[in-house]
1. For MET87, MET206, what ranking results if the residue with the fewest other Cβ atoms within 10 Å of its Cβ goes first?
2. Apply the Karplus curve 6.51 cos²θ - 1.76 cosθ + 1.60, θ = phi - 60°, to the phi angles in segment 114-129 and return the couplings in whole Hz, x for Gly and Pro.
3. Which order do PHE246, PHE235, PHE197 fall in if you start with the one that has the fewest other Cβ atoms within 10 Å?
4. Apply the a/c threshold of 1.5 to the C-alpha gyration tensor of segment 86-280 and tell me whether it is rounded, prolate or oblate.
5. Cut-off is 10 Å between beta-carbons; in what order do CYS182, CYS101 appear when sorted fewest neighbours first?
Amino acid sequence: MLRQRMAIVAVAGLMALTQPVTAQQTDTAGTAPTEVVAAESDSLAGDLTPEELIGTDDMAALDEMQAGGGLHIKLKQKFIEGSAGFMSLVALCLVLGLAFCIERIIYLTLSEINAKRLLTDIEKRVQQDDIEGAKTICRDTRGPVASICYQGLMHIHEPMDAVERSIVSYGSVQTAKLEKGCSWIRLFIAIAPSLGFLGTVIGMVMAFDQIQEAGDIGPTIVASGMKVALITTIFGIVVALILQVFYNYVLSKIEHLTSQMEESDVTLLDIITQYQLHRP
């Protein structure tokens, strides 16, 4: 009996000792995979760069959002801050000025020709006494140089004084055509900064009105009016600078064509003089 009781007590004690161990092993087996996965994820996240984690495109979009948008968004924002109604006048000057500049550039570019080749062909025709053929060459060629040569050939049988007066007079007409529209470009170049300075005065008046209403001078009160003043001035000056660059390019092309016309006039007069001297 004593042996049976001791055996029962031993078995009970053994069962009591083995149950906590088994529960502990079960808990460890159930939680270990989660802890290992979390540890591995943290290790991988620490080794990767931000671009690799969320993607390069997403990082670019995030940087753009943090920077406040692109250049066009910033310009639009400043345009609105400078009083959209008033800034529209400055923008209108830019659009109209560029329209005149582009029209002049296209016209002057189409007016450029190889003047030396034209005069060489005219000289060959005149030496062959083919005046009508020389006129046809001038009619089929675009530009002011060909028009002046045609005008001179129309008076080839008249005295040299009459021929020279005709060429000079028609040259003045062609020069005026080259400079057509340039006065409008100069007008917009002058108006754009003037509108900017007008915006400065309006912004200062707005600032003083706000000071009068508030009865106090503070940075916040003055800032809005001063911002309008500075933004309109900046935009006006920028528009004037852009138009000035295009206008100088137009002037350079006009000067090139004018010098080409003058050289052609001299060469054409020499051709006509030689023709009249050797005419039977």
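1. Numbers: MET87 22, MET206 18.
Going from least to most buried by this count: MET206, MET87.
2. Values, residue by residue: 8, 5, 5, 5, 4, 5, 5, 5, 5, 5, 4, 5, 5, 5, 8, 6 Hz.
3. Working: PHE246 18, PHE235 25, PHE197 14.
So the ranking, lowest neighbour count to highest, is PHE197, PHE246, PHE235.
4. Numbers: a/c = 5.88, a/b = 4.59, b/c = 1.28.
Taking the square roots of the gyration eigenvalues as a ≥ b ≥ c, segment 86-280 is prolate.
5. Working: CYS182 16, CYS101 22.
Ordered by Cβ neighbours within 10 Å, fewest first: CYS182, CYS101.
Each value in this text was obtained by applying a stated rule to the coordinates, not by laboratory testing. No experiment lies behind these values; they were computed from the predicted model shown. Glycine also receives a Cβ, built like all others from the backbone with ideal geometry; neighbour counts cover every protein chain displayed.
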